[in-house]
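Data first, discussion second: the structure below is written as C-alpha cells.
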Amino acid sequence: MKKLALIILVGLIPRLWQLPQNLQIHYDQGLHSLAVWNIWHDHKLSLLGHPTDVDGIFHAPIYYWLMVPAYFLGGGDPAAASVFQILLDAFGVVFLFLLARDLFDSKTGYFAALLYSVSYGYAGYARWLSNVTPAFPFSALFFWLLYKVWCGQSRLVPVTLLIASIITEFNGAIGVFLFPVILWVLISRKLLSKINYFWSFILFILPHLPLLAFELRHNFVISKAVLNFNGNSSAGLGFSLSVVERNLQVLYTQLYHLTSYSLPVLTFLLVIASVILVRQKFLVGSIVIFILGLSLYQRGALQFFFVPVFGLFTIIFAQTLTKLPKIIIFIIIAINVYHWKYFLVPHHNLTPIGTANLITNQDRKNVTDFIYQTAAGRPFAVWIYTIPYFLDEPWTYYFTWYGNDRYKYLPIRTGGFSPNDLPANTLFFAIYEPDWNRPPRLSSWQDEVNKNFGPRLASYRSHDAVVEEHAWPN
C-alpha cells in the first residue's frame, strides 16, 4: 500500500497547487458557503439543502452538514473547504484501487490509481468546490460495496443503499440512477430473498429524512414539483435514441478530458481496445444500466451526471493498459502532466464547470479589500452585476465572512435600491463582471448606475472582477 500512498500523494500536487489563491468562486460556491455559514456560524438549521436546477426541487442538507467541519476549522474560508474535498476525493482512490484489485489484480488497481492521480480532468473535478465533487469518492465506495454484494455478501446491501442515498442527496441527477444498478445486481445474482429488508429500508431512508420532514410540513410541495418535471415531455421521462446519442457524446467528451486531455483520438483508441480486451459483466452491466437510466430523462445529461461511473471506466482503461505496450501508459501520463501547467496560474480550465469569467478566491478578497480600504470606515452600499444575472451570493458571502471579520462592519445595502434608500454620507460602489453573452444588458445596467449614482471616480480590477466607486453623494 506504500506504492498506492505515493501515487495518491503525487496526485495531490496539481490538486492543491496555489489553491487558496486560484480557487474559482462563482454562484454555486457562494450559495453553498452562505448556507454552511448559517449552520456553523449563525446556528440556523434547515430541512432543505441546495436547490436543483429545476424550480421547486431541493436536496436534503447532507452536503452542507458534511462541509460544516471544514468551514469551521478554516474560519469560513472556501479554500479550506476545497482542501477538505480534495483530501476526501483522494481517499476515494483507495476504494477505486480495491475495486480494481478485486475485479482483476493489484497491477490493474495501481494503474487505475495512477490514471486518477495524473489525470488533468480528475484534478479539475477535485478542485471544483461543489456538491458534485464528493460524489466521486462516495461512488468509488459504493461500487466497491456493490461488487461485494455481487460476490454474494448480501449483508452489505443496507450500507450500499445508504451510500447511494447520500450520493443522491449530493446531487439527485446522478445518484438516483444508482438504484437501478443495485436492483440489477440483486436480481441477476438472485439475492432478493437474502436481503435484510428492515435495515435496508432504514439506511436507505436515513439521508432523505430531512426532506421527508419538510414534505410532511409543506403538503409535499417538492414531490409535486418532481411529478410536474417528470411529466414534461421535453425534459421529463421518456425515451429517445437522439437523447442516448447526445448523452454518449457528452460521456465521450468527459472520458477524454479525464484520460488524454486535448487528444480525444487516444481515448477513442483506448475505448476500442477496451471493448476487445475487457469483458467483465459487473463493470459493463453497471455502466450500461446507469447510462440507460440516465437516458430516460429527455433533458439530456450534463457532463457531471456521469461522475459515478468515471471510476468504472478508469478501471476498464487500466485493465486494458496492462495488456498493451507500456509506452502507451507513459504517453498518457506525459499528456496529462504537460497540462498541469494550467495549475501554475489562474486559468479557466481549473474547474470542469464555471462561467466565462475568471474570478478566484483571491480576486474576491482583493475587490472586497479595495472597497473597505476606499471607504476607510465610512458606510457604503453596493450594486452588483453577476453572471448568472443578479445572483450575488458570492459577494454577499465575502462581505459576510471576509469583509465583516477583517473590517468589523457590513455594507448598508446590497442588491437593488435607489439613492433615496441610503442614509446621508453613504459611499456607493458598483461591482460587475463582463457579460460575454449579452453585452447590451451590462451596458444598460451601467447606464442605470451612472444615472442614479453619478460618474465613476475610481475603479479596480482583479481578473474579471471589477469594482467602481461612483460620485454619489459628493
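The values are calculated or read from the model by the stated rules, or taken from the named source; none is laboratory data. Predicted model, so just to flag it, every value in this text is computed and none were measured. Backbone-built Cβ (ideal geometry, glycine too); neighbour counts: all protein chains shown.
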Open item on the list: Quick test of your reading of the structure: T374 fulfils all but one of (1) within 25 Å of the chain's Cα centre (by Cα); (2) under 25 Å from A430 (Cα atoms); (3) in contact (Cβ under 8 Å) with a residue 12 or more places away in the chain. Name the failing condition by number.
Closed with: (1)
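Could you tell me which residue of segment 385-412 is modelled with the lowest pLDDT, considering only residues that are within 12 Å of I431 (Cα to Cα) and surrounded by fewer than 22 Cβ atoms within 10 Å (Cβ to Cβ)?
Going through segment 385-412, the residues within 12 Å of I431 (Cα to Cα) turn out to be 385-387, 390, 392, 394-396.
Subset that is surrounded by fewer than 22 Cβ atoms within 10 Å (Cβ to Cβ): 385, 390, 392, 396.
On the way: Y385: 95, F390: 83, D392: 92, T396: 96.
Filtering segment 385-412 for residues that are within 12 Å of I431 (Cα to Cα) and surrounded by fewer than 22 Cβ atoms within 10 Å (Cβ to Cβ), the one modelled with the lowest pLDDT comes out as F390.
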Open item on the list: Within segment 326-366, take every residue that is of a type in the set (A, V, I, L, M) and touching a strand residue (DSSP E or B) at 6+ places or on another chain (Cβ under 8 Å) and give me the one that is farthest from L270 (Cα to Cα).
Closed with: I359
Open item on the list: Residue pairs, Cβ under 8 Å, 6 or more apart or interchain, first in segment 269-294 and in contact (Cβ under 8 Å) with a residue 24 or more places away in the chain and assigned by TED's automatic domain parsing to the domain that holds W150, second of a type in the set (G, A, S) and assigned to a helix (DSSP H, G or I). List them.
Closed with: G285/S188
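Those residues that are under 17 Å from G172 (Cβ atoms) and of a type in the set (A, V, I, L, M, F, W, C), I need them from segment 36-79; list them, please. Talk me through it step by step, then tell me what you get.
Just the residues of segment 36-79 that are under 17 Å from G172 (Cβ atoms), to begin with: 47-66.
L47, L48, V54, I57, F58, A60, I62, W65, L66, listed by residue number.
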Task: Among residues of segment 315-341, those that are buried (at least 18 other Cβ atoms within 10 Å of the Cβ) and of a type in the set (G, A, S), counted - done: 1
Open item on the list: If I filter segment 68-79 for residues that are outside the structural domain of N366 (by TED's automatic domain parsing), among the acidic types (D, E), modelled with pLDDT of 95 or more and closer than 28 Å to A356 by Cβ, do I get at least one hit?
Closed with: yes
Task: Condition check for F305: at pLDDT 95 or above, among the hydrophobic types (A, V, I, L, M, F, W, C) and over 30 Å from W401 (Cβ atoms) - done: no
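Could you identify the single residue in L16, L87, L31, L47 that is under 30 Å from R299 (Cα atoms), under 17 Å from the mean Cα position of the chain (by Cα), surrounded by fewer than 20 Cβ atoms within 10 Å (Cβ to Cβ) and aliphatic (A, V, I, L, M)?
Values: L16 fails: under 30 Å from R299 (Cα atoms); L87 fails: under 30 Å from R299 (Cα atoms); L47 fails: under 17 Å from the mean Cα position of the chain (by Cα).
Every option except L31 fails the conditions.
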- [ ] Filter segment 127-161 down to residues that are of a type in the set (A, V, I, L, M) and either farther than 26 Å from F104 by Cα or not assigned by TED's automatic domain parsing to the domain that holds L211 (or both) and give me whichever is surrounded by the most Cβ atoms within 10 Å (Cβ to Cβ).
- [x] L129
Open item on the list: Looking only at helices (runs of 4 or more DSSP H) that lie completely in segment 193-292, which have at least 3 residues being modelled with pLDDT under 95 and loosely packed, with under 15 Cβ neighbours inside 10 Å?
Closed with: 209-217, 221-230, 241-259, 264-277
Open item on the list: With closer than 26 Å to S444 by Cα and either free of Cβ contacts under 8 Å to residues at least 12 places away in the same chain or not assigned by TED's automatic domain parsing to the domain that holds S462 (or both) as the only criterion, which of T368, T355 stands out?
Closed with: T355
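Looking for whichever is touching a Gly at 6+ places or on another chain (Cβ under 8 Å) and either touching a residue at least 12 places away in the same chain (Cβ under 8 Å) or over 30 Å from Y338 (Cα atoms) (or both) here; the options are F58, F72. Which one fits?
Values: F72 fails: touching a Gly at 6+ places or on another chain (Cβ under 8 Å).
The match here is F58.
Checking the conditions here, which among F310, F343 is closer than 24 Å to F177 by Cβ and of a type in the set (F, W, Y)?
Values: F343 fails: closer than 24 Å to F177 by Cβ.
On inspection, the qualifying residue turns out to be F310.
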TODO: For W184, state whether it is more than 19 Å from F306 (Cβ to Cβ), in the same structural domain as Q303 (by TED's automatic domain parsing) and of a type in the set (F, W, Y).
DONE: no
- [ ] Specify which of the listed residues (L422, L427, L442, L457) is under 15 Å from D392 (Cβ atoms) and not β-branched (V, I, T).
- [x] L442
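Are any residues in segment 2-45 free of Cβ contacts under 8 Å to residues at least 24 places away in the same chain and on the phi < 0 side of the Ramachandran plot, and if so, which ones? Spell out the reasoning first.
Applying the first criterion (free of Cβ contacts under 8 Å to residues at least 24 places away in the same chain) to segment 2-45 yields 2, 5-6, 9, 38, 42-45.
Answer for segment 2-45, where residues must be free of Cβ contacts under 8 Å to residues at least 24 places away in the same chain and on the phi < 0 side of the Ramachandran plot: K2, A5, L6, L9, N38, D42, K44, L45.
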Open item on the list: If I go through segment 342-379 residue by residue, how many of them are assigned to a helix (DSSP H, G or I), at pLDDT below 90 and surrounded by fewer than 21 Cβ atoms within 10 Å (Cβ to Cβ)?
Closed with: 3
Open item on the list: Can you tell me which residue is surrounded by the fewest Cβ atoms within 10 Å (Cβ to Cβ) among those in segment 167-192 that are in contact (Cβ under 8 Å) with a residue 24 or more places away in the chain and aromatic (F, W, Y)?
Closed with: W184
